[in-house]
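Since the structure comes first, as structure tokens, the remarks are kept for the end.
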Amino acid sequence: MPAVSPPHSPKDRSSAPARTQKNFDKLYRDHVDLMYRFANRLCGETEAAKDLVQETFLNAYRGFKNFRGDAQVSTWLYAIAARACLRMRRKRKGEPERELSLDEFIPTSEGEFRLQIPVDGLSPEEALENKELRQALDAAIDKLPKKYKMVLVLRDMEGVSAKEVGTIMGLNERAVKSRLHRARLFVRRELSARGVDGTTTTHAETYR
Amino acid sequence: MAKRAAPRGEKRPAARPHQHGKGRCLHILRALSAYIDDELSGTICQEIRLHLGACPNCEDFVASLRHTVSLCRHTSAPILASADRARMRENILKSARTR
């Protein structure tokens with residue numbers, strides 16, 4: 001994945017903080033919770049998330065000279081974490097990467113048009129009190145091919161703008177939005193076709 | 001989703017069958033994230049709203065996509081314990097010195 005490439009001109013380097021433990025401590029203190037949340041959402045489990053956070057801050061510490069003062073620190077750290085995550089997953093021989101096609105998200109049975117989980121009339125917070133729903137959502141996100149998962153996590157869970165996601169992942173905004181749309185459709189389908197209780201109605205029941 | 005399926009079934013028992021080709025639904029499906037993110041022009045939004053008014057399946061589909069995004073936005077993540085935070089900091093600094 002193309003990285004956020006901090007500029008390497010001498011002019012830019014002058015604004016980079018020195019690689020001192022004091023500067024590291026401030027960076028760590030201010031951003032470790034953000035990175036841990038991001039890592040948990042990417043990895044889906046806490047031990048892998050802790051590994052990813054440590055790898056991220058180690059790489060950040062080593063790359064202090066590359067940090068440009070006018071870029072957001074969080075953007076820089078997200079990009080380091082995203083790269084580290086790809087490397088870690090490759091080592092673990094994670095799920096194969098694949099492209100998601102829009103065609104695969106066209107519902108084929110009546111039950112697939114709606115979510116098969118109780119959300120109507122509930123706030124998202126109330127709906128998420130349902131443990132089965134939370135597990136189904138986590139499982140759906142976990143099944144996403146990683147390049148789609150990263151965009152969904154950054155945009156819809158971390159609340160990062162499409163432009164910033166593009167900077168983090170080395171993509172243009174259009175590509176970010178295309179991946180985001182497919183990722184959302186993927187998760188939506190997982191929550192509809194399978195559902196918490198596994199029931200679906202057939203297309204024929206409504207379209208006679 | 002038993003809670004929702006029953007009343008919907010009573011309200012709309014095959015009242016609005018699919019009268020158009022699936023191509024139109026696919027055309028709409030491509031634009032739905034941009035639609036719910038409010039990124040489309042007024043003309044295209046109007047076109048989509050017209051389609052949704054005539055296509056109950058697409059209407060359900062949009063609602064389910066909105067719900068999906070809303071759920072993603074409201075998920076929580078575990079908080080890092082103080083002891084873990086301190087231990088990880090030590091690990092990082094140790095690795096930085098040795099690697």
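What is the average number of partner chain Cβ atoms found within 10 Å of a Cβ in A:113-123?
6
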A correct Karplus calculation of ³J(HN,Hα) over the stretch A:145-154, with 6.51 cos²θ - 1.76 cosθ + 1.60, θ = phi - 60°, whole Hz and x for Gly and Pro, returns x, 4, 5, 7, 4, 4, 5, 4, 4, 5
The answer for the net charge of residues other than A:ALA127 whose Cβ lies under 10 angstrom from its Cβ, with Lys and Arg +1 and Asp and Glu -1, is -3
With the 8 Å Cα cutoff and a minimum separation of six or more residues, the stretch A:102-206 has a relative contact order in percent of 50 percent
Per the Cα gyration tensor, the stretch A:37-161 corresponds to an equivalent ellipsoid with semi-axes, largest first in Å, of 31, 17, 15
Taking 0.36 nm per residue of separation between B:THR98 and B:ALA86 and subtracting their Cα-Cα distance, the length gained on full extension comes to 2.5 nm
Going through A:LYS22/A:LYS65; A:LYS50/A:LYS131; A:LYS146/A:LYS177; A:LYS22/B:LYS94; A:LYS131/A:LYS177 one by one, the pairs whose alpha carbons sit over 21 Å apart turn out to be A:LYS50/A:LYS131; A:LYS131/A:LYS177
Length gained if A:SER101 through A:VAL73 is fully extended, taking 0.36 nm per residue and subtracting the Cα-Cα distance, is 6.7 nm
Burial-style ranking of B:25-35, B:54-64, average other-beta-carbon count within 10 Å with highest first, yields B:54-64, B:25-35
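We did not get these values from a lab; they are worked out from the coordinates using the rules stated. Note that the structure is predicted; figures quoted are calculated from it, not measured. Don't worry about glycine lacking a Cβ; one is built from the backbone with ideal geometry, like all the others, and counts go over all protein chains shown.
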